[in-house]
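Participant: One structure coming up, written as structure tokens, with questions to follow.
The values are calculated or read from the model by the stated rules, or taken from the named source; none is laboratory data. These figures come from a predicted structure and were not determined experimentally. Every residue, glycine among them, receives a Cβ derived from its backbone with ideal geometry; neighbour counts consider all protein chains shown.
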């Protein structure tokens, strides 16, 4: 903050993207949005909407809590009679004349406009890099949360492998994992559990439907648990009954590419080099047109957080970075994802999944 001449930093979060506020305060907004105001000098404050005071007091590790009308729920109630402080009141109290906003790319334009009117637009800047420099390398406590999240995620996947059968809907398959993880100590799922079958399997980002799964098709499941704010994930393609040779070869290429990625994820390695080698391997096998991204992304407070490992990456892997190795390949007929969590080390990475990676035909 000092290097960027910031008088304060505003770390913003929503209910679906809670990472920054949870990281700095342990508070996770519900319905409303929230932010943590971190001054260059003095103690921080948690900023919440009009309805969340008792909720925030029960969860926040930050003592000072300020209610702001701009952080009310999206249905925009008026709360007639409420006398909450304005942005000008808050900035005067904390002597803010230069503000950095983290969560910049999801920050609502309406709230930004109100802040810019209070401070002047030229004094409000993108500060995502400031918090990324803190969050990108994990402490041992954070790594332990990720280890536990990975353990419980595997329990969720196990519940699917033990109970999946033709005729279940995608929603019912997702429910198997969700129930098992919550019963095993997860505070929530790290994201909505995915089950994408048959023609839905080539969806890179998805939600389960009421489609019944069938024999002879790819059933893609991605399962993630959240523990003390930290999210992990495990993803596997499953085939029930007959698996065609075309399908088996496609699945095996993805599995081999994930194994290759994990082997390359060592401290000191340029991230772009990892992506270039893995994508090169996939292209050599004749599947270059099935690549969408990857082959890995950071994980922590969010199951998918900065940074992505891409062919254009400009950073080196360092010890105690945490990643989801995430191999998603898809064509117009089918797709799949192999996914496992790792922690970067000086030698071979620590793998948080114990489940063997192999083409699963049940």
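Participant: Pick out, from region 287-362, the strands (runs of 3 or more DSSP E) lying fully within it that include 3 or more residues that are at pLDDT 95 or above and under 24 Å from residue 238 (Cα atoms).
Facilitator: 322-330, 335-343
Participant: Whether any residue in region 115-133 is within 30 Å of residue 195 (Cα to Cα), in contact (Cβ under 8 Å) with a residue 12 or more places away in the chain and part of a helix (DSSP H, G or I) is what I want to check.
Facilitator: no
Participant: If you don't mind, there's one more thing I want to ask. Quick test of your reading of the structure: residue 281 fulfils all but one of (1) in a loop (DSSP other than H, G, I, E, B); (2) touching a helix residue (DSSP H, G or I) at 6+ places or on another chain (Cβ under 9 Å); (3) surrounded by fewer than 22 Cβ atoms within 10 Å (Cβ to Cβ). Name the failing condition by number.
Facilitator: Status for residue 281: all satisfied but (1).
Participant: Inside region 138-162, can you point out the residues that are exposed (fewer than 14 other Cβ atoms within 10 Å of the Cβ) and either in contact with a helix residue (DSSP H, G or I) (Cβ under 6 Å, 6 or more places away or on another chain) or not in a helix (DSSP H, G or I) (or both)?
Facilitator: 139 - this is the single residue of region 138-162 that is exposed (fewer than 14 other Cβ atoms within 10 Å of the Cβ) and either in contact with a helix residue (DSSP H, G or I) (Cβ under 6 Å, 6 or more places away or on another chain) or not in a helix (DSSP H, G or I) (or both).
Participant: Return the residues of region 234-265 that are closer than 27 Å to residue 178 by Cβ and in contact with a helix residue (DSSP H, G or I) (Cβ under 6 Å, 6 or more places away or on another chain); say none if nothing qualifies.
Facilitator: 234, 237
Participant: Please verify whether region 182-189 includes one or more residues that are farther than 22 Å from residue 324 by Cα and modelled with pLDDT of 95 or more.
Facilitator: Checked against the condition, which is being farther than 22 Å from residue 324 by Cα and modelled with pLDDT of 95 or more, region 182-189 yields at least one hit.
Participant: Against the condition farther than 26 Å from residue 28 by Cβ, surrounded by fewer than 23 Cβ atoms within 10 Å (Cβ to Cβ) and over 19 Å from the mean Cα position of the chain (by Cα), how does residue 201 come out, does it pass?
Facilitator: In short, yes.
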